[in-house]
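So the structure is just underneath, and the comments pick up after that.
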């Protein structure tokens, strides 16, 4: 037994010393014994999730061998299959294809796996937290505050809050967004619960329908975004009244508190500008996805951001050279990230505009709101409307 113990200890110490000697002072494995190929240390490092320097592969694609380059795709070429694979993987191969599309010559897209792993992993996980967190906040708010009622006595008179064109723009924007959000979520999560219910063929039909709706209703969404912006941007410029509204919490947390507000209060202005900024951003990334390889957005954007020095402060250096496929992957990831935030904001907006506040839905339902509701939630706007009506009734007719 002692002999066996001595042998095991000796083997362990010998292996440890060999592992130490196989790396240089900077921790780079010595590939002399493998002819420059991958070592055991490279494999173990990848298994541990550590970043491995691939320069020994990307810079060793057989490009210095002219004779090899001439015959690398022939049956008698002297370049090894490994060299050919590396040249294809790292984009240094001389590739000729019949299709002349911008991405046709990229036969192997080396960055595809990070996108797939991020899309099916952290992107969905944290996106789910965002939506579930907003739903939890709304439920908690409802339990603590309840439905926001009209405190004063109803007058029986109504005031025109939004005309028909304003309501058309709103519902075009909102309705298309709801369908886009639903079809997008089905695309992300559908296979998890729909394949067990409908099978793969059934899910394929549903997924294809979601794709068609998502692609085509995007135009309605963008048109609605333009109409909403034109209609209401002048009413959503921040002013001092908004500070008073914010200081009082909008009266949302205290019964009987009704801070003054114009046509849009500070909370509605926050939602408006969030919809505009997120709407423009998600539209740009959506257009990039609708027209593949025609609208690259991220390489130029990352170059500008890098020039500010901000990424370097956090130890980052954003890539500025991307293949067409990488551009599409970044566009898809950004599209989904913005969508998660957008959906969470709209969920809160839907709650307050419907079951969360008495009389609020009438503003977009019929366009007419109870006068007392307007007095409590938009007193300054109501005063402006009444002054205009009073001016019309007192003006003498032209003779």
Once you put a point 7 Å from the Cα of residue 270 and another 7 Å from the Cα of residue 131, both along the Cβ direction, what distance in nm separates them?
-> 2.3
What FRET efficiency, computed as 1/(1 + (r/R0)^6) with R0 = 45 Å and r the Cβ-Cβ distance, is obtained for residue 215 and residue 140, rounded to the nearest 0.05?
-> 0.75
Fully extended, how many nm does the chain gain between residue 248 and residue 386 (0.36 nm per residue separation, minus their Cα-Cα distance)?
-> 47.2 nm
Please report how far the C-alpha centroid of the stretch 256-279 lies from that of the stretch 316-387, rounded to the nearest whole angstrom.
-> 9
For the stretch 288-330, shape from the Cα gyration tensor axes a ≥ b ≥ c, cut at a/c of 1.5 then a/b versus b/c, turns out prolate
Return an integer: the convex hull volume of the alpha-carbon atoms of the stretch 76-174, in Å³ per residue.
-> 181
Note on the stretch 208-249: C-alpha Rg/Rh, Kirkwood Rh, two decimals, gives 1.32
Shape call for the stretch 273-399, from the Cα gyration tensor axes a ≥ b ≥ c (a/c under 1.5 means rounded, otherwise prolate when a/b beats b/c, else oblate), comes out prolate
Segments 304-317, 256-269, 345-358 sorted - mean Cβ within 10 Å per residue, highest first = 256-269, 345-358, 304-317
If N is the residue count of the stretch 211-303, its Cα Rg over 2.2 N^0.38 Å rounds to 1.47
Nearest-0.05 FRET efficiency for residue 45 and residue 277 at R0 = 25 Å, using Cβ-Cβ distance, is 0.05
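Coordinate-derived values only; no laboratory data. Bear in mind that the values here come from a model prediction, so they are computed numbers and not experimental data. Positions of Cβ are backbone-derived with ideal geometry, glycine not excepted, and every protein chain shown enters the neighbour counts.
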